[in-house]
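Notes for the one structure printed next.
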Amino acid sequence: MFKLKQLFSRQKKTYANKPDLAGVPYHVAVIMDGNGRWAKKRGLPRIAGHRAGMESVKEITTAADDIGVQILTLYAFSTENWKRPEQEVDFLMRLPQEFLLLELETLMKNNVRIRILGDLDALPSHTQTSINAACEKTKNNTGMVLNIALNYGSRTEILDAIRSIAKDVKAGLLDPESIDESAINSRLMTQGIPDPDLLIRTSGELRLSNFLLWQCAYTELWFTDIFWPDFKREHFYEAIRAYQKRGRRFGGLK
Ligand code: FPP
């Protein structure tokens, strides 16, 4: 009810190229790429690109919520990103807490729930503390879910699911013949979350980079050359409108 009221009041706002609210994807996932190149183009250090990228995180979170997206999943740090220079990793680990410090009030006001995908145990304790506090504080919110993928890697996630299945088989709790998609789904970090309807990747790279590989089997993909810090509300709505023109068949006939 609250969500409906919220949507109704927001519908009054007019944004250029606002998509048709009737066909908004339920779950949108985003690979936020190009922060480093955005900074390089301006002669700035890479971390300046990540800071500017945080502004796009704020704008796209609001833009998604405004049109009724129910789940927004953002790829903020992959299991491979640890290979970056220490200073950059330290900075990236501080961004979620800075974002939450600045935005938690607004997220609460907008009834947004924060969730995390990824192995939090390996993160610095200050990052864990702020994230756990935000998840706890927003856990009863019933509006959009903002899923932040932090220290997330899809292959590790799938391997962990397979290990868990193997253990259950060995313990006699699971018959190998009965292993189906739901046996995998229920052991993934996205357990209980429907697969993304639309995946957006910025910066001109055309790959999935170990993000939601199982979950994106039938996801519509949309790529843009725009670097993440330049990716704003109008670009997000352009992606949504492109999605709305697609015919999804899930392997069936038209
Ligand atoms: C990829 O660009 C971006 C990242 C690895 C980090 C993304 C993080 C943010 C935008 C901030 C996240 C903040 C919150 C609160 C979720 P890149 O560095 O690989 O860019 P490049 O390919 O141009 O080098």
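The values are calculated or read from the model by the stated rules, or taken from the named source; none is laboratory data. All figures in this text were calculated on a predicted structure; none of them were measured in a lab. Backbone-built Cβ (ideal geometry, glycine too); neighbour counts: all protein chains shown. Surface areas here come from the heavy atoms of the whole protein model, side chains and all, with no ligands, DNA or RNA. Shrake-Rupley method; radii C 1.70, N 1.55, O 1.52, S 1.80 Å.
Any residue at all in the stretch 231-239 that's out of contact with any helix residue (DSSP H, G or I) (no Cβ under 7 Å at 6 or more places or on another chain) and assigned to a loop (DSSP other than H, G, I, E, B)? Checked against the condition, which is being out of contact with any helix residue (DSSP H, G or I) (no Cβ under 7 Å at 6 or more places or on another chain) and assigned to a loop (DSSP other than H, G, I, E, B), the stretch 231-239 yields no hits at all.
Among the residues here, P96 does not qualify as under 26 Å from S209 (Cα atoms) and either among the hydroxyl-bearing types (S, T, Y) or more than 8 Å from the ligand (Cβ to nearest atom) (or both).
Here is a yes/no grid of residues against (1) modelled with pLDDT of 95 or more; (2) open to solvent by 20 Å² or more (accessible area, probe 1.4 Å); (3) in a loop (DSSP other than H, G, I, E, B); (4) at negative phi:
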site	(1), (2), (3), (4)
L101	no, yes, no, yes
N111	yes, no, yes, no
G143	yes, no, yes, yes
E157	yes, no, no, yes
I162	yes, yes, no, yes
V169	yes, yes, no, yes
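If only residues of the stretch 177-213 that are more than 19 Å from P25 (Cα to Cα) and of a type in the set (G, A, S) are counted, the one that is farthest from the ligand (Cβ to nearest atom) is S178.
Taking the listed residues A52, A64, the one that is at pLDDT 95 or above, open to solvent by less than 30 Å² (accessible area, probe 1.4 Å) and over 13 Å from the mean Cα position of the chain (by Cα) is A52, with no other qualifying. Residue-level check: of (1) under 23 Å from T190 (Cα atoms); (2) open to solvent by 10 Å² or more (accessible area, probe 1.4 Å); (3) in contact (Cβ under 8 Å) with a residue 24 or more places away in the chain; (4) among the acidic types (D, E), E136 misses just (3).
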